[in-house]
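Peer 1: Following this message is one structure expressed as structure tokens.
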């Protein structure tokens with residue numbers, strides 16, 4: 001039955017079920033982030049189901065060489081700006097694909113009901129916080145997806161929004177005139193003062209409903225649940241112009257997404273608004289209804305610290321009552337590492353999404369344009385974090401190198417594989433992500449060499465980062481009607497091996513890490529560094545847990561093999577000991593042994609193929 005008010009939720013009846021316990025350690029998990037509208041519509045054929053059986057029914061064949069560029073460019077781009085057709089049922093049909101890749105937790109984009117008059121396929125324009133958008137499916141579909149994911153050993157993290165609603169009302173601005181040709185308009189930009197409001201929007205986007213409690217707006221007009229129809233539920237101060245000015249970035253609208261007034265006060269003595277408390281109940285509802293395992297919280301930077309802290313506390317108490325002792329709360333915290341660290345410490349969120357310097361240094365280290373110490377230095381103990389690194393970082397940061405926004409890249413955004421060097425080295429990037437500190441996250445399509453790239457003269461070019469795995473009208477590589485669930489893709493095959501090794505070896509999941517000095521002559525050792533603006537060498541690091549050491553190495557040269565002596569832990573290795581190759585992109589090297597020699601304390605000589613990855617124990 002549709003719920004219009006949080007007061008209508010029967011909590012006792014809702015929670016009369018068994019719930020899935022949280023994992024012992026989230027750092028043991030491998031995340032996979034998908035945009036629901038872009039992942040699967042369930043109509044593909046010739047993919048493998050949960051049991052590995054080839055599915056013959058369906059209408060969409062797999063992508064084949066020669067299909068690239070088959071779509072007309074302008075129509076393809078426009079299709080990417082609209083709803084494409086991915087569903088919750090589609091995700092359910094691909095659980096086997098995800099499990100065989102080595103994924104243990106899926107992070108799905110927001111699925112709540114969107115404003116009817118805009119194509120907010122990404123899910124961040126919520127109009128009803130207690131309903132699933134029919135484009136994605138139904139509440140029953142969500143429950144079924146989570147149940148079947150749990151049966152397959154996969155946790156489910158839902159992306160949620162606390163900071164704002166969709167474009168649910170229209171301003172009647174009275175200042176900041178903007179001349180536009182022979183006419184003009186008032187621009188409702190933030191200046192710290194509220195704007196008058198014309199009314200709540202109807203399903204066509206016209207402010208035809210009064211700005212207050214309304215009944216005739218159900219189900220696609222105004223905003224729901226009913227508690228959010230109080231005018232005081234919204235800040236009403238106009239759009240953000242300066243994204244780094246406080247309080248503007250907390251009080252202003254995220255473009256046309258309307259800022260929700262959460263309350264006021266210091267973090268430790270926060271007075272929440274009625275709207276904020278209603279949202280907390282909405283998100284408790286989805287946990288209880290669907291047995292979710294965690295939330296990724298959008299735009300945490302734009303929320304009051306007190307609101308985030310209170311939300312974390314209230315959700316934590318609720319989920320512990322359900323037997324979910326470690327319900328995962330992941331915050332999208334832009335603004336640099338120091339802000340992220342301080343926000344986690346203040347609010348009690350479990351982890352921050354590494355979307356600033358981590359993906360930048362990870363991507364360009366592997367491509368040979370960053371010094372490795374710049375990336376590994378992000379995880380070292382420092383005055384900034386004042387934490388023991390291998391304890392704090394291993395489960396406090398979710399790391400990735402591709403994502404749906406890439407705010408770090410400005411106006412011209414591109415997936416890792418947008419250029420040839422990316423296609424050659426993407427496995428090394430995924431291995432660096434999976435086998436260093438943090439909780440690794442794969443962005444959908446990376447394992448299929450998705451190569452979307454923006455164009456400087458195209459507004460909103462993050463659309464190019466959001467191609468459809470199921471093909472549809474907006475398939476990767478400017479294709480359409482061809483799906484990409486190819487388990488024979490070299491990146492898929494090799495990544496599944498790397499993730500399998502990670503699952504097997506506790507040291508690769510929880511060990512502290514050390515970037516290792518290398519040498520070309522066996523005498524002069526130093527950390528690998530760029531020469532002439534490029535890095536073309538081995539980059540090696542050790543993961544150490546208790547008294548176990550595993551050595552991992554990548555080759556940042558995409559065109560030829562590289563050889564180097566690599567330093568080991570002298571306290572754990574004796575001269576004459578041997579290391580065995582557990583994994584290599586050159587399968588002939590798996591099982592081979594190398595001897596430890598007395599160089600720079602202790603070292604071994606390794607030769608890696610072009611863009612290669614190896615793991616030694």
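The values are calculated or read from the model by the stated rules, or taken from the named source; none is laboratory data. Keep in mind the model is a prediction, meaning the values are calculated, not measured. Quick reminder, even Gly has a Cβ in these numbers, built from the backbone with ideal geometry, and neighbours come from all protein chains shown.
Peer 1: Given the criteria more than 22 Å from residue 139 (Cβ to Cβ) and over 21 Å from the mean Cα position of the chain (by Cα), does residue 288 qualify?
Peer 2: Answer is no for this residue.
Here is a yes/no grid of residues against (1) at positive phi; (2) within 33 Å of the chain's Cα centre (by Cα); (3) not assigned by TED's automatic domain parsing to the domain that holds residue 305:
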{"position": "177", "(1), (2), (3)": "no, no, yes"}
{"position": "181", "(1), (2), (3)": "yes, no, yes"}
{"position": "200", "(1), (2), (3)": "no, yes, yes"}
{"position": "221", "(1), (2), (3)": "no, yes, yes"}
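Peer 1: Oh, and also: Residue under question is residue 279, and the condition is that it be touching a strand residue (DSSP E or B) at 6+ places or on another chain (Cβ under 6 Å), closer than 30 Å to residue 115 by Cβ and touching a residue at least 60 places away in the same chain (Cβ under 8 Å); does it hold?
Peer 2: Answer is no for this residue.
Peer 1: Looking at 196, 203, 225, 231, can you tell me which residue is surrounded by 15 or more Cβ atoms within 10 Å (Cβ to Cβ), within 25 Å of residue 247 (Cα to Cα) and modelled with pLDDT of 95 or more?
Peer 2: Just a single option satisfies the conditions, and that option is 231.
Peer 1: Tell me, which strands (runs of 3 or more DSSP E) wholly within segment 526-617 include 3 or more residues that are in contact (Cβ under 8 Å) with a residue 40 or more places away in the chain?
Peer 2: Here the list reads 538-545, 548-555, 562-567, 603-608, 613-616.
Peer 1: Let me spell it out: the conditions are (1) over 30 Å from residue 425 (Cβ atoms); (2) at pLDDT 95 or above; (3) buried (at least 20 other Cβ atoms within 10 Å of the Cβ), and residue 344 meets all of them except one. Which number is the exception?
Peer 2: So the condition that residue 344 fails would be (2).
Peer 1: While we're looking at this one, here's another question. At pLDDT 95 or above, surrounded by 17 or more Cβ atoms within 10 Å (Cβ to Cβ) and either outside the structural domain of residue 29 (by TED's automatic domain parsing) or out of contact with any strand residue (DSSP E or B) (no Cβ under 7 Å at 6 or more places or on another chain) (or both), is that true of residue 531?
Peer 2: No; evaluated as a whole, the condition is false for this residue.
Peer 1: List the helices (runs of 4 or more DSSP H) that sit entirely inside segment 298-376 and contain at least 2 residues that are without any contact (Cβ under 8 Å) to a residue 12 or more places away in the chain, out of contact with any strand residue (DSSP E or B) (no Cβ under 8 Å at 6 or more places or on another chain) and over 30 Å from residue 552 (Cα atoms).
Peer 2: 305-321, 337-347
Residue by residue, here is whether (1) more than 27 Å from residue 330 (Cβ to Cβ); (2) in contact (Cβ under 8 Å) with a residue 60 or more places away in the chain holds:
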site: 8; (1), (2): yes, no
site: 25; (1), (2): no, yes
site: 28; (1), (2): no, yes
site: 39; (1), (2): no, yes
site: 43; (1), (2): yes, yes
site: 61; (1), (2): yes, yes
site: 81; (1), (2): yes, yes
site: 92; (1), (2): no, no
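Peer 1: Tell me yes or no: at least one residue of segment 27-41 is within 30 Å of residue 436 (Cα to Cα) and surrounded by fewer than 15 Cβ atoms within 10 Å (Cβ to Cβ).
Peer 2: No: segment 27-41 contains no residue that is within 30 Å of residue 436 (Cα to Cα) and surrounded by fewer than 15 Cβ atoms within 10 Å (Cβ to Cβ).
Peer 1: Residues in segment 267-276: is at least one within 21 Å of the chain's Cα centre (by Cα), surrounded by 19 or more Cβ atoms within 10 Å (Cβ to Cβ) and assigned by TED's automatic domain parsing to the domain that holds residue 440?
Peer 2: Checking segment 267-276: not a single residue is within 21 Å of the chain's Cα centre (by Cα), surrounded by 19 or more Cβ atoms within 10 Å (Cβ to Cβ) and assigned by TED's automatic domain parsing to the domain that holds residue 440.
Peer 1: Tell me, which strands (runs of 3 or more DSSP E) wholly within segment 135-208 include 2 or more residues that are in contact with a strand residue (DSSP E or B) (Cβ under 7 Å, 6 or more places away or on another chain) and farther than 30 Å from residue 32 by Cβ?
Peer 2: In segment 135-208, the matching strands (runs of 3 or more DSSP E) lie at 169-171, 177-180, 183-186, 197-200.
Peer 1: Being in contact with a strand residue (DSSP E or B) (Cβ under 7 Å, 6 or more places away or on another chain) and crowded, with 21+ Cβ neighbours inside 10 Å is the requirement here; does residue 63 meet it?
Peer 2: It is true that residue 63 is in contact with a strand residue (DSSP E or B) (Cβ under 7 Å, 6 or more places away or on another chain) and crowded, with 21+ Cβ neighbours inside 10 Å.
Peer 1: Across segment 66-88, what is the number of residues that are in a helix (DSSP H, G or I), crowded, with 17+ Cβ neighbours inside 10 Å and touching a helix residue (DSSP H, G or I) at 6+ places or on another chain (Cβ under 8 Å)?
Peer 2: Selection size over segment 66-88: 4.
Peer 1: Mind checking whether some residue in segment 419-428 is closer than 17 Å to residue 81 by Cα and surrounded by fewer than 23 Cβ atoms within 10 Å (Cβ to Cβ)?
Peer 2: Checked against the condition, which is being closer than 17 Å to residue 81 by Cα and surrounded by fewer than 23 Cβ atoms within 10 Å (Cβ to Cβ), segment 419-428 yields no hits at all.
Peer 1: Please find, within segment 63-77, the residue that is farthest from the chain's Cα centre (by Cα) out of those that are modelled with pLDDT of 95 or more and within 30 Å of residue 112 (Cα to Cα).
Peer 2: For segment 63-77, the residue satisfying everything is 75.
Peer 1: Can I ask one more? Closer than 28 Å to residue 613 by Cα, surrounded by fewer than 23 Cβ atoms within 10 Å (Cβ to Cβ) and in the same structural domain as residue 582 (by TED's automatic domain parsing): is that true of residue 492 in this structure?
Peer 2: For residue 492, the condition - closer than 28 Å to residue 613 by Cα, surrounded by fewer than 23 Cβ atoms within 10 Å (Cβ to Cβ) and in the same structural domain as residue 582 (by TED's automatic domain parsing) - is not met.
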